[in-house]
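Notes for the one structure printed next.
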Amino acid sequence: MSLPASIRIFAVAALSLIITACGSPKKKQHRDSLHVAAGIGPVAAMAERIGGDSVTVECLLPSGANPEEFDPGTKALRQLSRSEIYFSTGTLPFEHRLASGFSGNLPDMLAADLSNGLEMIYGTHGDEPDPHTWMSVRNLAVMAANMTQALCEARPSAATYFRSRLESYNRELAAADSALTSQLAPLAGEAFAVGHPSLSYMARDYSLRQIPLSEGTKENSAKGMRMRIDSIRAAHPRVLFAEPGTENDMAREMAADLGIPMMTIDAMNPDVLTQLKNAAASLAASE
Ligand SMILES: [Zn+2]
């Protein structure tokens, strides 16, 4: 089995959603619309939420691309060249490559790193910080504040509009955080299993333990996986979260082996709050 391939699989399954969020400029393009680029679908959705009809959002990660392995080419640079702001999570390698690629060519573009002020998690993705920062209601609030600051800087005339939309978004985030807190408080200290460690920040927010099915890429032999399963079993995870796609068959088998329910979670779905709420609900519902 090849768990690291799961990202490729879930990226494909997430395509339709990403396209919904950032593929088509569904908003009317106002003459003074602020054109912005977002690295990934969840960030593009946030830009649409805060920017409203004052922004036109493009997503750089193309359909089917693995966000952790994507190598941006000239298309992404073209998208950036027509954008006034580039919103990056600040954690994905392709975003760094783009940032260094355009720094000399697009001096007028504002690069907004949404990770400013976030406390990164280490140890889940080799030596790099865990890139899945957006999979946390609390992180989203920090990222949204960074985004709003950049939007206001680029278009001061619309600052009141952006800030009022941020307030509305913050109210939704606060309500979600409060719901998740009360739902997950009784589970503090408990574990869940994941095919790919995309819920590290959520686990930290609510004092849960995330147990990846595979650690790195070396343990994919049958014997290695058997040993891994035994240690996962010892952690007594309540649920196994797997990315959508063909990995589900394998994950379902493992979940059955562990005697726990399997639930699909899509870390690239632009509707992050629904993903997090569904994850919390399945944890709370598990025995
Ligand atoms: Zn990852």
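For this structure, a couple of remarks:
- Magnitude of the charge dipole, the chain, Cβ model with Lys/Arg +1 and Asp/Glu -1, debye to 20: 480
- Per-residue [θ]222 nm for the chain (sum of -39500 (n - 2.57) over DSSP H runs n ≥ 4, rounded to 500): -14500 deg cm²/dmol
- All-pairs Cα distance distribution in the range 165-238, expressed in whole percent, bin size 10 Å: 18, 37, 25, 14, 6, 0
- Comparing Gly64, Asn116, Ala255 along the charge dipole axis of the chain, the residue lying farthest to the positive side is Gly64, per the Cβ-charge model.
- Degrees between helix 41-51 axis and first principal axis of the chain (Cα, 0 to 90, nearest 10): 40
- Between Pro129, Pro270, Pro62, the Gaussian network model of the chain with springs among Cα atoms under 10 angstrom shows the greatest mean-square fluctuation at Pro129.
- For the chain, the equivalent ellipsoid built from the Cα gyration tensor has semi-axes of 34, 21, 15 Å, listed from largest to smallest.
- Degrees, to the nearest 10: 272-285 long Cα axis against longest axis of the chain: 20
- For the chain, modelled as a GNM whose springs connect Cα atoms under 10 angstrom apart, the maximal fluctuation among Glu243, Glu84, Glu253 occurs at Glu253.
- A full extension of the chain between Asp257 and Met120 corresponds to an added length of 46.0 nm, given 0.36 nm per residue minus the alpha carbon distance.
- Percent antiparallel among DSSP beta bridges (both partners in the chain, rounded to 5): 10
Only the coordinates and a few stated rules stand behind these numbers; no lab work does. In this text the structure is predicted, and so the values were computed from the model without any measurement. Cβ: placed from backbone, ideal geometry, glycine included. Neighbour counts: every protein chain shown.
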